[in-house]
Amino acid sequence: MLERPSSLFGLRPNTHMTWLWNSWEEYVDIVHPVALDSPQRVRMSQMDSWFDAGHCLYKALRELEEKSHALYELGFRGKDDPEPACDPVLVGQAYPLVMDAVHAAEELLLYHKRLAKSKAAYGFLHQHSLPNHWSRYTQTRRIVREINQFMSDVEELLQGFEAMKEAEDEFIVGSIDLPDLLESDFRVARNLFSVGFDEVGLLIAGRGLEGVLRRIADLRHISLEAKGKAVPASELDLHDLIETMYQLRWKTKRTRLISADTRALLHYLRALRNSGAHPAIGTRHPVNLREKAVLVAETASRLWNEVSETKAHLRPPVVQKTW
């Protein structure tokens, strides 16, 4: 399996959840907070444990749902529904609910950068300054329209969150077909991506692909011979395992078991892992780690099914080390 470097699975000391903001300036640039205008709050979020971050996220979600429901009960039900009467008492009751909803939504986006950058947040991020214009809007019926628009935007934000949550259930594992034992690493990877730890999620997906290769080598009794001594390929270090499996071809078709692209992918994952153990040398990460993880999982599934569903032979069973 993947050799684990001294830092957890190759993580650099400053690695944190991709769902969190790198800085106060980054948060301001996207969210332009109205209620959560606190650089210290952003810094605190970066230091939260996974448990605390998840707790804060869902606490903000519940608060936003509660305030949205309270506004709905007052008659503010979105721009597509009839507007309630422009009653000063009703508008006055709505004001603290809108303020609390803005704060809760900005807190939610503090812990969910992906949501903040999604289309689902677009409306809210153009409407959450409503409290700043409240006095001016209350001079006309416009205040009622603006609250209704705010409700529509909050509903879209909540729906976007739910859509992302449902998509995470099938992320990576929804596109593969592997035995439970070989799938386990990909489920761990899915779970890590689901809380924003994309880099380590990719590393664990890579460990899953490595596990598939080792199992194939074991089932097909593949060995590497060096200096007159044959060693089972399933026991090799990752570099030699990759090079050994790259030498294998299907006896009849003469095509390689793993392509040059798959070989390059495996060496990339090995370099990514090793760069965590030696941060000074570094490795440039792909822009979209999620896409890379899906590719890794689908490659593992394809290789496993290609081998397990045929009795065709792989040659040579004993690979001579020439690298």
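Throughout, read-outs are computed from the coordinates displayed, never taken from laboratory work. All values derive from a computational prediction rather than experimental measurement. Because the Cβ atoms are built from the backbone with ideal geometry, glycine has one as well, and the counts that use them run over all protein chains shown.
Note on residue 25 and residue 261: the extension gain reaches 81.1 nm, defined as 0.36 nm multiplied by sequence separation minus the Cα-Cα distance.
What you get for the range 55-112, charging only the Cβ of Lys and Arg (+1) and of Asp and Glu (-1), is a dipole of about 120 debye around the Cα centre. Computed from the C-beta positions of residue 170 and residue 274 and an R0 of 22 Å, the FRET efficiency is 0.10 to the nearest 0.05.
Along the axis of the charge dipole computed for the chain (Cβ charges of +1 for Lys and Arg, -1 for Asp and Glu, origin at the Cα centre), the listed residues 307, 319, 121 are led at the positive end by 319. Around the Cα centre of the chain, unit charges on the Cβ atoms of Lys, Arg, Asp and Glu (plus for the first two, minus for the last two) sum to a dipole of about 1860 debye. The length gained by stretching the chain between residue 41 and residue 99 to full extension, at 0.36 nm per residue less their Cα-Cα distance, is 19.1 nm. Positive end of the dipole of the chain (Cβ unit charges, origin at the Cα centre): among 296, 110, 265, the Cα lying farthest that way belongs to 265.
Between the residues 89, 28, 68, the greatest Cα displacement towards the positive end of the dipole of the range 7-150, with unit charges on the Cβ of Lys, Arg, Asp and Glu, is found for 28. Magnitude of the charge dipole for the range 178-320, about its Cα centre and with charges confined to Cβ atoms of Lys, Arg (+1) and Asp, Glu (-1), is about 520 debye. The alpha-carbon of residue 227 sits under 24 angstrom from the alpha-carbons of these lysines, leaving out residues fewer than 8 places away in its chain: 321. Separation of the range 210-250 from the range 88-134 is 56 Å, based on Cα centroids. Seen from residue 269, the other residues with C-beta closer than 10 Å to its C-beta sum to a net charge of +3, counting Lys and Arg as +1 and Asp and Glu as -1. Bridges between two residues of the range 178-320, per DSSP, are antiparallel at a rate of about 70%. Evaluated on the range 32-170, the Kirkwood hydrodynamic radius is 15.5 Å, with distances taken between all distinct Cα atoms. Taking label positions 7 Å along the Cα-Cβ direction at both residue 136 and residue 318, the computed distance is 8.4 nm, reported to one decimal. In summary, the lysines within cross-link reach of residue 113, defined as a Cα separation below 29 angstrom excluding same-chain residues under 8 places away, comprise 59, 67, 79, 165, 292. Could you tell me what fraction of 2.2 N^0.38 Å the Cα radius of gyration of the range 144-197 comes to, as a two-decimal ratio? Expressed relative to 2.2 N^0.38 Å, the Cα Rg reads 1.71.
When the convex hull of its Cα atoms is viewed from all sides, the chain shows a mean projected area of 20.3 nm².
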